[in-house]
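Below is one structure; the comments refer to it alone.
The values are calculated or read from the model by the stated rules, or taken from the named source; none is laboratory data. Treat the numbers as computed from the prediction; the structure is a model and nothing was measured. Neighbour counts are summed over all protein chains in view; Cβ atoms, including those assigned to glycine, are modelled from backbone coordinates with ideal geometry. These area figures cover heavy atoms from the full protein model, side chains too; ligands, DNA and RNA do not enter into them. Shrake-Rupley method; radii C 1.70, N 1.55, O 1.52, S 1.80 Å.
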Amino acid sequence: MKSRTRVFALVTFTVSVFLVGTAPASATPARTVELAAPAGSGLPPYVAVIKPVTAKRLASSRREGCPVGPDRLRLISLNFVGFDGAVHRGELVVNADLAVEVARVFADLYFARFPIQRMETIEKYDSDDDASMAANNTSAFNCRAITGGTAWSNHSYGRAIDINTVQNPYISRSGAVYPPNGAPYVDRTQDVPGMIHAGDATERAFTTRGWTWGGFWDTPIDYQHFEKP
């Protein structure tokens with residue numbers, strides 16, 4: 001090999017090593033949680049795909065001063081059973097530390113055929129919690145203050161999930177109901193599709209994994225809300 005050729009080869013090799021060594025951290029691979037349905041259930045396998053999420057994808061759900069960045073969050077695409085009894089795909093953004101656990105929680109709900117109206121990330125509602133609740137949307141991450149306060153909500157960390165917000169309303173200390181169209185479901189003696197009750201499959205899917213349910217709170221009471229700070 002001629003001297004000039006050796007120098008070119010050395011430079012090429014050095015640049016190649018530099019490029020490999022500085023691969024972006026955002027290249028975190030997707031992870032899939034796939035579970036076979038019980039025999040005779042009539043359900044297809046449960047599949048959840050966990051991927052990194054970008055600031056662009058989070059859009060208005062992430063604001064200036066948010067306590068976590070996109071690198072600490074994950075986007076989960078997963079199966080759920082709708083109110084129509086059919087299988088749908090939904091999306092949640094949650095804390096990276098909880099992503100696999102959340103995927104498995106929703107597998108429990110799926111196999112129990114707990115119906116969910118819709119599951120869209122909050123920026124689809126311009127990150128307006130009231131609009132998302134009124135649409136009976138199940139969601140997780142949203143960088144916002146706690147209802148009626150100034151401290152960061154656990155939703156701001158991707159460590160809280162609201163489920164079927166109409167059938168499971170939030171009741172403030174003053175008795176106000178959010179969303180207002182959830183008022184018919186304040187009476188928890190009802191047993192209607194999508195409603196969460198103490199001891200049912202949905203409550204247990206979360207609480208047996210260490211999550212807290214707002215339905216057990218004294219005031220306010222938040223039947224839609226599960227969190228794991």
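With at pLDDT below 95, of a type outside the set (Gly, Ala, Ser) and open to solvent by 40 Å² or more (accessible area, probe 1.4 Å) as the only criterion, which of THR32, THR28 stands out?
Unique residue meeting the criteria: THR28.
Restricting the first residue to region 104-124 and requiring it to be under 20 Å from ASP200 (Cα atoms), which pairs with a second residue that is hydroxyl-bearing (Ser, Thr, Tyr) and part of a helix (DSSP H, G or I) meet a Cβ separation below 7 Å and a spacing of at least six or different chains?
So the pair list comes out as LEU109/THR202; PHE114/THR202.
Check whether at least one residue in region 151-161 is open to solvent by 50 Å² or more (accessible area, probe 1.4 Å), modelled with pLDDT of 95 or more, of a type in the set (Phe, Trp, Tyr) and over 26 Å from GLY65 (Cα atoms), and report yes or no. Can you show your working first?
First, the residues of region 151-161 that are open to solvent by 50 Å² or more (accessible area, probe 1.4 Å): 151-152, 157.
Add one more test, that the residue is modelled with pLDDT of 95 or more, and what stays is 157.
Subsequent filtering for residues that are of a type in the set (Phe, Trp, Tyr) retains 157.
This time we only want the ones that are over 26 Å from GLY65 (Cα atoms), so: none.
No - not one qualifying residue is present in region 151-161.
Could you tell me whether VAL100 is within 26 Å of ALA201 (Cα to Cα), part of a helix (DSSP H, G or I) and open to solvent by 30 Å² or more (accessible area, probe 1.4 Å)? Can you show your working first?
Working: within 26 Å of ALA201 (Cα to Cα): yes; part of a helix (DSSP H, G or I): yes; open to solvent by 30 Å² or more (accessible area, probe 1.4 Å): yes.
For VAL100, the condition - within 26 Å of ALA201 (Cα to Cα), part of a helix (DSSP H, G or I) and open to solvent by 30 Å² or more (accessible area, probe 1.4 Å) - is met.
Among VAL105, VAL94, which is the only one that is assigned to a strand (DSSP E or B) and open to solvent by less than 30 Å² (accessible area, probe 1.4 Å)?
On the way: VAL105 fails: assigned to a strand (DSSP E or B).
Criteria check complete, one pass: VAL94.
Could you tell me which of the residues THR147, THR207, THR189 is at pLDDT below 95 and either surrounded by fewer than 21 Cβ atoms within 10 Å (Cβ to Cβ) or over 17 Å from the mean Cα position of the chain (by Cα) (or both)?
Of THR147, THR207, THR189, the one residue that is at pLDDT below 95 and either surrounded by fewer than 21 Cβ atoms within 10 Å (Cβ to Cβ) or over 17 Å from the mean Cα position of the chain (by Cα) (or both) is THR147.
Limited to region 193-204, what total is found for residues that are open to solvent by 40 Å² or more (accessible area, probe 1.4 Å) and either touching a Lys or Arg at 6+ places or on another chain (Cβ under 8 Å) or not in a helix (DSSP H, G or I) (or both)?
Looking only at that region, the number is 4.
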